[in-house]
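What follows is one structure encoded as structure tokens, with my remarks underneath.
The values are calculated or read from the model by the stated rules, or taken from the named source; none is laboratory data. Please read all numbers here as calculations on a predicted model, not as lab measurements. Here Cβ is always computed from backbone atoms with ideal geometry, including for glycine, and neighbour counts include all displayed protein chains. The area values use the complete protein model at the heavy-atom level, side chains included, leaving out ligands, DNA and RNA. Shrake-Rupley method; radii C 1.70, N 1.55, O 1.52, S 1.80 Å.
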Amino acid sequence: MTTDGAAHRVSTVMHVRCPDGLPEETYRQVLELLAELSPVVQALPPAAALVELKGALRYYGRDTRRLGEVLRVRSLSRLGVDIRVGIGPSITVAATASAQVPRPGGVLAIAPGQVATWLGSLPVDALHGIGPRQAAVLTDYGIHSVGLLAAVPPATVQRLLGARAGRTAADRARGIDPRPVVPRDLPAAATVRHAFARHTLDGAPARAALLETVVRLGLLMRGRDQAARALTLTLTFAGGGRWEKTRRLAEPSAHDDDLRLIAYQLMDAAGLQRGRLTALALKGEDLIDADQIATQITFDDAREARLVAEAAIDRVRDKCGPRVIGPAAVFRRAS
């Protein structure tokens, strides 16, 4: 089995897997750590990323495995997050390697000259990009390992999996994957969470908590000079169940009035009735800079007055703290 040129390449692709269920804010912090290592980082939400290490190798003067170990130590020491790191000469090899690292974390680096032997020994469903249905088809025909898949003529694999999928699977089993790492950031977002001290039924306490998250989210976005085009509400229930829904705003906004309207619509859409809530999260999505929002002429004097009051309240919060002033419902709940 050959790798069709893979042996002449250098292992510079890193694939990073974070723990499942990692909060988005922490995932963004992991991406920031990766950006310290290399400027070429491709986010693969919700919990993975690719890094091109060519520049990092020249800059740091270390081998790729050592860079992976440095990254893991930084993630553990700064964020308390263990990660699984795979390194190889292509995206397929690196991603396959990271999946073979035992939880909670570690580093596995595959040199170009090791690709054929290493891939060949793996079960066919371990090859990155092979889904359960494809693996089942291949196994039914006796193709149990990546090595056997690489030995089968590509035309035969295409007949089994379809033209495009078969060609891709045959190539990747041989270590052929010309895809580059393409820099891609996560879309700008801001999230505020609230955890209930005890299971809370839908009603006034839940609405007050939602209103508090609206106020905090609006303050956060206005402090960043950003506005959201959409809101996502996530509800977590006793027993671990979750409900999530996104709704777009008529116009990008970071004002409490606009956010509250959409947040309440989302809560109404959940149809909770007597659901026992343990937490909720409100996320402003598809954020833009505030100076990109077109100023609309309005004849709504009441709204204009509320916006003036909101700006004054923000100044008070800046001076005295974020919790010194706010909606009465929030303060009643806190008391």
Self-check item: the range 288-323, residues that are at pLDDT 70 or above and open to solvent by 70 Å² or more (accessible area, probe 1.4 Å)
Solution: 289, 291, 292, 301, 304, 306, 308, 315, 318, 319, 320
Quiz prompt | Selection status of residue 238, loosely packed, with under 14 Cβ neighbours inside 10 Å and of a type in the set (A, V, I, L, M) | solution = yes
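Can we say residue 261 is modelled with pLDDT of 90 or more and either among the hydrophobic types (A, V, I, L, M, F, W, C) or within 25 Å of the chain's Cα centre (by Cα) (or both)?
Working: modelled with pLDDT of 90 or more: yes; either among the hydrophobic types (A, V, I, L, M, F, W, C) or within 25 Å of the chain's Cα centre (by Cα) (or both): yes.
Here the answer is yes, as residue 261 does meet what is asked.
Among the residues of the range 241-261, which ones are among the acidic types (Asp, Glu) and either buried (at least 21 other Cβ atoms within 10 Å of the Cβ) or out of contact with any helix residue (DSSP H, G or I) (no Cβ under 7 Å at 6 or more places or on another chain) (or both)? Walk me through it before giving the result.
Start the filter on the range 241-261 by keeping residues that are among the acidic types (Asp, Glu), which leaves 244, 251, 256-258.
Scanning the range 241-261 gives 244, 251, 256, 258.
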Quiz prompt | Unmet criterion (only one of (1) in a helix (DSSP H, G or I); (2) open to solvent by 20 Å² or more (accessible area, probe 1.4 Å); (3) touching a helix residue (DSSP H, G or I) at 6+ places or on another chain (Cβ under 8 Å)) for residue 133 | solution = (3)
Quiz item: So residue 224 fits all but one of (1) in contact with a Lys or Arg (Cβ under 9 Å, 6 or more places away or on another chain); (2) open to solvent by 80 Å² or more (accessible area, probe 1.4 Å); what number is the exception?
Solution: (1)
Practice problem: Please work out which residue is surrounded by the fewest Cβ atoms within 10 Å (Cβ to Cβ), limiting yourself to the range 200-221 and to residues that are closer than 12 Å to residue 276 by Cα and out of contact with any Leu (no Cβ under 8 Å at 6 or more places or on another chain). | Solution: 203
Self-check item: Of all residues making up the range 138-151, the number that are open to solvent by less than 50 Å² (accessible area, probe 1.4 Å) and either of a type in the set (A, V, I, L, M, F, W, C) or in a loop (DSSP other than H, G, I, E, B) (or both)
Solution: 6
Quiz item: Tell me, which residue of the range 182-195 that is in contact with a Ser or Thr (Cβ under 9 Å, 6 or more places away or on another chain) and either open to solvent by less than 30 Å² (accessible area, probe 1.4 Å) or of a type in the set (A, V, I, L, M) (or both) is modelled with the lowest pLDDT?
Solution: 189
Practice problem: Out of the residues in the range 104-129 that are open to solvent by 20 Å² or more (accessible area, probe 1.4 Å) and among the β-branched types (Val, Ile, Thr), state the one that is nearest to residue 21 (Cα to Cα). | Solution: 107
Exercise. Identify all residues within the range 180-205 that are part of a loop (DSSP other than H, G, I, E, B), out of contact with any helix residue (DSSP H, G or I) (no Cβ under 8 Å at 6 or more places or on another chain) and within 30 Å of residue 97 (Cβ to Cβ); write none if there are none.
Key: 180, 182, 183, 187
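Starting from residues that are among the charged types (D, E, K, R) and open to solvent by less than 70 Å² (accessible area, probe 1.4 Å), keep the ones in the range 35-70 and report whichever is farthest from residue 183 (Cα to Cα).
Narrowing the range 35-70 to residues among the charged types (D, E, K, R): 36, 52, 54, 58, 62-63, 65-66, 69.
Subsequent filtering for residues that are open to solvent by less than 70 Å² (accessible area, probe 1.4 Å) retains 52, 69.
Details: 52: 9, 69: 22 Å.
Only one residue fits best here, namely 69.
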Quiz item: What number of residues within the range 63-88 satisfy the criterion of being within 12 Å of residue 109 (Cβ to Cβ) and either part of a loop (DSSP other than H, G, I, E, B) or of a type in the set (Asp, Glu) (or both)?
Solution: 2
Quiz item: If residue 159 passes every condition in (1) of a type in the set (Lys, Arg); (2) within 28 Å of the chain's Cα centre (by Cα); (3) in a helix (DSSP H, G or I) but one, which one does it miss?
Solution: (2)
Self-check item: Options 171, 177: the member that is closer than 30 Å to residue 132 by Cβ, assigned to a loop (DSSP other than H, G, I, E, B), touching a residue at least 12 places away in the same chain (Cβ under 8 Å) and of a type in the set (D, E, K, R)
Solution: 177
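I need a count of the residues in the range 264-287 that are assigned to a strand (DSSP E or B) and either at pLDDT 85 or above or acidic (Asp, Glu) (or both). Write out each step before concluding.
The first filter runs over the range 264-287 and keeps only residues assigned to a strand (DSSP E or B), leaving 276-285.
Filter once more, keeping what is either at pLDDT 85 or above or acidic (Asp, Glu) (or both): 277-285.
Of the residues in the range 264-287, 9 are assigned to a strand (DSSP E or B) and either at pLDDT 85 or above or acidic (Asp, Glu) (or both).
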Quiz item: Is one or more of the residues making up the range 84-98 open to solvent by 60 Å² or more (accessible area, probe 1.4 Å) and of a type in the set (A, V, I, L, M)?
Solution: no
Practice problem: Any residue in the range 238-260 that's farther than 21 Å from residue 225 by Cα: show its pairings with residues that are open to solvent by 70 Å² or more (accessible area, probe 1.4 Å) at Cβ separation under 9 Å, as long as the two are six or more apart or on different chains. | Solution: 238/199; 238/276; 239/276
Quiz item: Just to be sure, is residue 32 in contact (Cβ under 8 Å) with a residue 60 or more places away in the chain, open to solvent by 10 Å² or more (accessible area, probe 1.4 Å) and assigned to a helix (DSSP H, G or I)?
Solution: no
